[in-house]
Amino acid sequence: MKIVLTGSLGNIGNPLTQLLVGAGHQVTVISRRKERIPEIENLGAVAAIGSIQDVEFLTETFKNADAVYLMEAWEGMGSLFDQEIDFLAEFKKTARNYVKAVQQSGIRKIIHLSSIGAHSDQGTGSLLVHYHVEQILQTLPEEVSIKFMRPVGFFSNIYRWLPAIQSQGKIIQSYGGSRKEPWVSPYDIAATVAGEMEEPFSGRTVHYIASDEVSPDEITVALGQSIGNPDLEWKVVSSEELLHQMLSAGINEWIAKGMVAMQRAQADGSLYEDFYANKPTFGKVKFEDFTKEFAQKYKI
């Protein structure tokens with residue numbers, strides 16, 4: 001197949017490109033940065049340099065492809081510390097660009113990287129953006145098949161906790177305890193997407209992706225052991241205090257409030273209701289595997 005990937009060579013794009021090229025597909029990787037060209041070509045793919053905000057560029061790149069992989073990256077919208085960015089509006093804009101490019105290019109097979117929480121427009125915090133992107137993509141004509149991939153929280157998101165772990169020996173969140181929640185490795189996401197590229201496309205389908213289930217208590221013990229700090233603490237603060245900390249750090253207000261609301265949904269389990277109603281087979285990468293990777297980053 002001729003496959004076009006958005007998202008450049010990120011946590012998912014890099015292994016996904018390798019898997020697809022290894023399976024014999026002709027892969028084109030879209031990136032904003034010219035300096036990515038050698039890295040993309042070294043993986044056996046073709047680089048297409050341009051912006052996903054450029055509909056003409058997208059249309060031309062999608063032409064003659066058999067399938068496209070669509071995603072929206074937060075960092076692609078701008079800095080989380082930029083108070084002027086309307087992230088919801090930017091995600092919607094990108095989705096509309098995709099719709100126009102798909103229609104103009106004649107693409108009929110889409111895999112879209114969405115997220116846990118995309119099933120609802122209520123109570124999911126900043127994950128609301130994914131609900132709206134899915135709804136916009138749903139406006140495409142019926143002959144366009146879409147596989148919506150909804151991964152849960154990435155293991156790699158845990159790196160955001162590194163500063164507090166290194167400076168205070170603490171993980172600071174507004175929830176905690178022994179309730180297990182699902183997590184996913186970007187490698188398992190890549191493997192799932194690569195596998196779905198070769199499965200039949202028909203209508204609109206939803207696929208949840210997860211690798212493991214661990215609780216905050218289990219995360220604390222495992223991370224502490226991996227970095228040689230058995231006293232690592234998961235400190236639970238109020239939603240108000242967490243919001244204050246994020247706003248004081250300069251995080252975009254909409255993002256900060258959205259993250260607090262998302263943690264509230266994690267705490268009461270409501271974020272995962274649709275996931276557990278449609279629970280997938282878990283991937284190969286487990287939290288124990290991630291802790292080894294985390295320990296290396298901790299030492300740097």
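Between S239 and D86, the distance separating the two model label sites (each 7 Å from Cα on the Cα→Cβ line) works out to 2.5 nm.
Which loop-located GluC sites (Glu not before Pro) does the stretch 13-57 contain, where loop means any DSSP state but H, G, I, E or B and the Cβ has at most 10 other Cβ atoms within 10 Å? Could the numbers behind the result be given before it?
Values: sites: E35, E39, E41, E56; in loops: none.
Qualifying residues, ordered by number: none.
Please calculate the 1.4 Å probe accessible area of K257, with all protein chains present, and give it to the nearest 10 Å². The accessible area comes out at roughly 100 Å².
At full extension, V46 and K284 could sit 82.8 nm farther apart than now, given 0.36 nm per residue minus the alpha carbon distance. Taking amide H as placed 1.01 Å from N in the peptide plane, A47 has its amide H under 5 Å from the amide H of V29, each at least 5 places away in sequence or on another chain. Per-residue packing, averaged as other Cβ atoms within 10 Å, sorts the ranges 172-182, 112-122 into the order 112-122, 172-182, beginning with the highest.
Using only the heavy atoms of the protein chains and a 1.4 Å probe, how would T17, T281 rank by accessible area, largest first?
From most exposed to least exposed: T281, T17.
Using the Cβ of H244 as centre and a radius below 15 Å, the other residues enclosed give a net charge of -1, where K and R count +1 and D and E count -1. Of the residues I227, V206, A256, the one whose Cα sits farthest towards the positive end of the charge dipole of the stretch 181-278 is A256 (charges of +1 on Lys and Arg Cβ, -1 on Asp and Glu Cβ, taken about the Cα centre).
With the whole protein complex present, T28 retains an accessible surface near 40 Å², based on a 1.4 Å probe.
With both labels modelled 7 Å from their Cα along Cα-to-Cβ, the R33 to S202 distance reads 4.2 nm. In the chain, the DSSP-assigned H stretches of four residues or longer account for a calculated mean residue ellipticity at 222 nm of -13000 deg cm²/dmol, using -39500 (n - 2.57) per stretch and the full residue count as denominator. Across D188, D82, the residue with the most accessible area heads the list, and the full order at a 1.4 Å probe is D82, D188.
Among M197, F148, T291, which residue has its Cα furthest toward the positive end of the charge dipole of the chain, with +1 on Lys/Arg Cβ and -1 on Asp/Glu Cβ? Of the candidates, M197 comes out farthest on the positive side.
The values are calculated or read from the model by the stated rules, or taken from the named source; none is laboratory data. None of the values given here were measured: they were computed from a predicted structure. Quick reminder, even Gly has a Cβ in these numbers, built from the backbone with ideal geometry, and neighbours come from all protein chains shown. Surface areas here come from the heavy atoms of the whole protein model, side chains and all, with no ligands, DNA or RNA. Shrake-Rupley method; radii C 1.70, N 1.55, O 1.52, S 1.80 Å.
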